[in-house]
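Below is one structure, written out as structure tokens; the observations come after it.
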Amino acid sequence: MTLSVRSLTHIYDTGSQQEPALNNVSFELSKRELTAVVGPSGCGKSTLLSLVAGLRPIQSGSVQLNGVELKGCTALQMQRHRQQIGIIFQSHKLMPFLNTAENVLIGAEASTALPVSNRLAKVESLLMSVGMIGHFLKFPRQLSGGQCQRVSVARAIANDPTIIIADEPTASLDFKSTRALVSLLLDIIKFRDIPLLMATHDSRIIEMADRVIQLDDGRVVANETIGKP
Ligand code: ADP
């Protein structure tokens, strides 16, 4: 088991009021599986992903990645946790003034383990694996939305993450690009033997998922394995 979430509860304190966002959420992720987190806007999807990604401190409950507990860890341990995570956002968040290779290099440079001399070769192999090797020198404005997301996938896996987290990554993509992106992510997690946790509203993704966790008002109301034909 790579990721285990137990009794996770989160309340935003806005100063004037307390805003409950997650209530006693528990689940586990399996390697090589896409787990979709679904539910209406405001049900807690982004909060859940941000806690698992180590972008906010855990208030109550437990998040363990590869057996390491996130609650109560130091800033340095939190940083190490984040280095193990490949994140893909709704918008690709590529740097507009950097070309494809340079945008991916940012991800590779985040890894201190990789010698500088090996980074270009790594970028080439990453772009090859997402089908973007022919677009090495293009800038984001010269690419389609689907192509930009592929580059952001290459950047997300540059650090050899042990889990990929994606927050509505297909929200601005058409049907063909959505299926292509999710198929690509499925190939990547199977090849790398890691899990994928994805928040989505998109029914087209739900049918490609291995497991669906449904949130409502911060609670898990369903956690189901999807039978594949
Ligand atoms: P989703 O991603 O499913 O739309 P969120 O995790 O963004 O849901 O939000 C869950 C709840 O927490 C909502 O009621 C939202 O208003 C509240 N919330 C989210 N972010 C904040 C914040 N920074 N401050 C206060 N309340 C927040």
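Does region 151-202 come out rounded, prolate or oblate, given a ≥ b ≥ c as the square roots of the eigenvalues of its C-alpha gyration tensor, rounded meaning a/c under 1.5 and, failing that, prolate meaning a/b above b/c?
Prolate is the answer for region 151-202, as a/c is 1.5 or above and a/b outweighs b/c.
Using the heavy atoms of the protein chains alone and a 1.4 angstrom probe, what is the accessible area of region 86-158 per residue in square angstrom?
I get 49 Å² per residue for region 86-158.
Give the shape of region 99-163 as rounded, prolate or oblate, defined through the alpha-carbon gyration tensor: a ≥ b ≥ c are the square roots of its eigenvalues, a/c under 1.5 means rounded, and otherwise the shape is prolate if a/b is larger than b/c and oblate if not.
Note, shape of region 99-163 comes out prolate.
Principal axes first, then extents: for the Cα atoms of region 143-229, list largest minus smallest coordinate on each axis, whole Å, largest first.
Projected onto the principal axes, the Cα atoms of region 143-229 cover 38, 30, 28 Å.
Full-extension gain between Ser125 and Lys31, please, as 0.36 nm times their residue separation minus the C-alpha to C-alpha distance. Display every interim value, and only then the final one.
Working: separation 94, 0.36 × 94 = 33.84 nm, distance 2.26 nm.
Gain on stretching Ser125 to Lys31: 31.6 nm.
Which ³J(HN,Hα) values, rounded to whole Hz and listed in residue order, are derived for region 20-36 from phi using the Karplus coefficients 6.51, -1.76 and 1.60 in 6.51 cos²θ - 1.76 cosθ + 1.60 with θ = phi - 60°, glycine and proline given as x?
Ordered by residue, 3J(HN,Hα) equals x, 10, 9, 9, 6, 8, 9, 5, 10, 10, 10, 4, 6, 10, 8, 9, 9 Hz.
In nm, to one decimal, how far is the modelled label at Asp13 from the one at Arg219, with both set 7 Å along Cα→Cβ?
Each label point is offset 7 Å from its Cα along the Cβ direction, giving 2.5 nm.
Highest first, please rank the peptides 43-56, 66-79 by the mean number of other Cβ atoms sitting within 10 Å of their residues.
Descending mean neighbour count gives 43-56, 66-79.
Grab the beta carbon distance between Ser91 and Lys176, set R0 = 25 Å, and tell me the FRET efficiency rounded to 0.05.
After rounding to 0.05, the efficiency reads 0.85.
How are the C-alpha pair distances of the chain spread across 5 Å bins, as whole percents from the shortest bin up?
Once binned at 5 Å, the Cα pair distances of the chain give 1, 7, 14, 18, 19, 16, 12, 8, 4, 1, 0.
Could you tell me the center-to-center distance, by alpha carbons, between region 122-171 and region 11-44 in angstrom?
Here the two parts' Cα centres lie 26 Å apart.
Looking at Leu184, Val68, Thr35, which one has the Cα that reaches farthest to the positive end of the dipole of the chain (charges on Cβ: Lys, Arg +1; Asp, Glu -1)?
Result: Leu184, furthest along the dipole toward the positive end.
Quantify, in whole percent, the carbon and sulfur part of the accessible surface of the chain (1.4 Å probe; protein heavy atoms only). Write out the running numbers ahead of the final one.
Working: 5770 of 11110 Å².
That share works out to 52 percent.
Pop out the ³J(HN,Hα) list for region 215-221 in order, Karplus 6.51 cos²θ - 1.76 cosθ + 1.60 with θ = phi - 60°, rounded to Hz; leave Gly and Pro as x.
Per-residue couplings from phi come out as 9, 9, 6, x, 10, 7, 9 Hz.
Per-residue HN-Hα couplings for region 195-212, Karplus 6.51 cos²θ - 1.76 cosθ + 1.60 at θ = phi - 60°, whole Hz, x for Gly and Pro?
Ordered by residue, 3J(HN,Hα) equals x, 10, 10, 10, 7, 7, 9, 8, 5, 5, 7, 4, 6, 9, 7, 8, 8, 10 Hz.
Any idea what the dipole of region 71-168 comes to, in debye rounded to 20, about its Cα centre with Lys/Arg Cβ at +1 and Asp/Glu Cβ at -1?
Dipole magnitude for region 71-168 comes out near 100 debye.
Can you list which of the chymotrypsin sites (Phe, Trp or Tyr not before Pro) found in region 110-193 are DSSP loop residues with at most 15 other C-beta atoms within 10 Å?
Counting only loop positions with at most 15 other Cβ atoms within 10 Å, the chymotrypsin sites (Phe, Trp or Tyr not before Pro) in region 110-193 are Phe136.
Indicate the gyration tensor shape class of region 58-179 (rounded, prolate or oblate), computed on the Cα atoms with a ≥ b ≥ c the square roots of the eigenvalues: a/c under 1.5 is rounded; otherwise a/b larger than b/c is prolate and the rest oblate.
oblate
So how exposed is Asp202, as accessible area in Å² (1.4 Å probe, rounded to 10)?
Solvent-accessible area, nearest 10 Å²: 20 Å².
Given H placed 1.01 Å from N in the peptide plane, which residues other than close sequence neighbours of Arg219 have an amide H under 5 Å from its amide H?
Asn23
I'd like the antiparallel share, as a percent to the nearest 5, of DSSP beta bridges with both residues in the chain.
55
The values are calculated or read from the model by the stated rules, or taken from the named source; none is laboratory data. Just so it is clear, the structure is predicted and the values come from calculations on it, not from any experiment. Glycine also receives a Cβ, built like all others from the backbone with ideal geometry; neighbour counts cover every protein chain displayed. Accessible surface is based on the protein model in full, side chains and every heavy atom, while ligands, DNA and RNA are left aside. Shrake-Rupley method; radii C 1.70, N 1.55, O 1.52, S 1.80 Å.
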